Structures are given as structure tokens and as C-alpha cells.
Amino acid sequence: MRAFLGIPVPDDVKDKLFTLTEDLKGDYRGSWVKKDNYHITILFLGEIRKEFADDYSYQIEKVLDSTPPFDVALSGFSCFPSKKRPRVLFAGLSEGYEMCRSVYLQAAAVLPEKMQPENHKFRAHVTLARFNRHQPVIHDEVWRRNFMLTYKADSCVLYRSVLEREGAVYTPVSVINFNGAL
């Protein structure tokens, strides 16, 4: 199965984020992420076997057991790799980034050596859209949009990702609660 680790976004925040992007969809053609699929990306695992998913879930539950719930604030749009050549439009984090990075480092540490993430910079974000061949020029007013959506992150999820014609379908494989004291 194709899998990744992510921190879920609560439904009320998903609704608000969806509303913030609704008017952009007509101006910027791309593959817009379904509202139900919004999450903070922590670690992409790629193709894994079910047995590995079960074992990995157990391992990360042990290492994340002392992680406390933490505040997250989503604010502002940005993109990868650059604003001049956007391939991915996302909502960034203005609060909770360091805790997300800590979850990433702990989750990556229990991976087998052959699955260790390549040496790239970790960037916690919520993907909103992907652009392929026809990369749009995104107008400055998009980058200037101010919003702050806050919530308490209390778990991470190992998701199964199935690519379908209408877009990806994400199904939780296991939920790892953050139980540590604040």
C-alpha cells in the first residue's frame, strides 16, 4: 500500500480553509485537494506492506507516547518550489511547526535505514493544489491573504493513499494519540 504519516486537520478548520480557496479554483487550473483530504504532511513512506504498516504503527506509538497535544496555526498561502514556478500551493504553519518537526524526526528515526528520508528540508504544510504542465502565475493578492486558523493537534495518522481518477483517497490505517503532559 502507498502510505504517509500526517496530522489531521479538524472538520471546522477544513471548512474554513476550503472556503478561503474556493474563489481561486476558477482562476488557477490544477488538481485541487478534496477538503476531506486536508492534513499536515509529516512523512511520506511510499509503497509499504501491511505487515510493515502494523509494525511501524507500533514503533511510532512508542516513540510518540510522550508527545503532548500542541497548538497549530495555519496562516498564509505559499508554494513549492517557488512563487515564480508553483507546483504545489499550500497553507503554511505559523505555530506548531517545531512540534511537527519533532514528530517527523521521531517517526523517521524508527524507519529502517533503507527507508530513511532523503536529505531534504522538512516543511510542515497543508497541500491545497498541485499544478502540472501549465504552471500558473499566481497573483500577489493571493500571497497577501491574511488568515489564521487554529486548533489543537492531538494525534497523527498513518494514512493509506489510493490514487483514483477523481483524486487520491486517504484512509486511516492507524491513529497515534499524543498522550504526553503539557
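Derivation of every value follows stated rules applied to the coordinates shown; laboratory data play no part. This structure is a prediction, so every number in the text was calculated from the model and none was measured. Cβ sites come from the backbone with ideal geometry, for glycine too, and all protein chains shown count toward neighbours.
What FRET efficiency, computed as 1/(1 + (r/R0)^6) with R0 = 30 Å and r the Cβ-Cβ distance, is obtained for residue 71 and residue 122, rounded to the nearest 0.05?
Details: r = 19 Å, r/R0 = 0.62.
Given R0 = 30 Å and the Cβ-Cβ separation, E is 0.95.
Sort 13, 162 so that the residue with the fewest other Cβ atoms within 10 Å of its own Cβ comes first and the one with the most comes last. Can you show the working numbers first?
Details: 13 18, 162 10.
With the fewest neighbours first, 13, 162 line up as 162, 13.
Compare 58, 38, 97 in a GNM of the chain, Cα atoms joined below 10 Å, and give the one with the largest fluctuation.
58
Please give me the summed charge of the neighbours of residue 36: other residues whose Cβ is under 13 Å from its Cβ, Lys and Arg +1, Asp and Glu -1. Write down the numbers at each step before the final one.
Working: positive: 14, 34, 35; negative: 11, 15, 166.
So the surrounding residues net to 0.
Report, in deg cm²/dmol and to the nearest 500, the calculated mean residue ellipticity at 222 nm for the chain, where each DSSP H run with n ≥ 4 adds -39500 (n - 2.57) and the sum is divided by the residue count. Could you put the intermediate results ahead of the total?
Working: 4 runs with 43 residues, N = 182.
The helix-only estimate for the chain comes to -7000 deg cm²/dmol at 222 nm.
Need one number: the % of Cα-Cα pairs in region 2-177 sitting beyond the 27 Å mark. Write out the running numbers ahead of the final one.
Values: 4054 of 15400 pairs.
Cα-Cα pairs in region 2-177 separated by more than 27 Å: 26 percent.
Just to check I understand the Karplus step: with θ = phi - 60° and J = 6.51 cos²θ - 1.76 cosθ + 1.60, what whole-Hz values come out for region 48-56, glycine and proline as x?
9, 8, 4, 4, 5, 4, 5, 5, 5
Among the lysines, which fall within straight-line cross-link reach of residue 152, defined as a Cα-Cα distance under 27 Å, with same-chain neighbours fewer than 8 residues apart omitted?
Leaving aside lysines fewer than 8 places away in the same chain, those within reach of residue 152 are 14, 16, 34, 35, 62, 121.
Once you compute Rg and the Kirkwood Rh from C-alpha atoms, what is the Rg to Rh ratio for region 30-90? Each step should come with its number before you reach the end.
Numbers: Rg = 16.0 Å, Rh = 15.1 Å.
Rg/Rh: 1.06.
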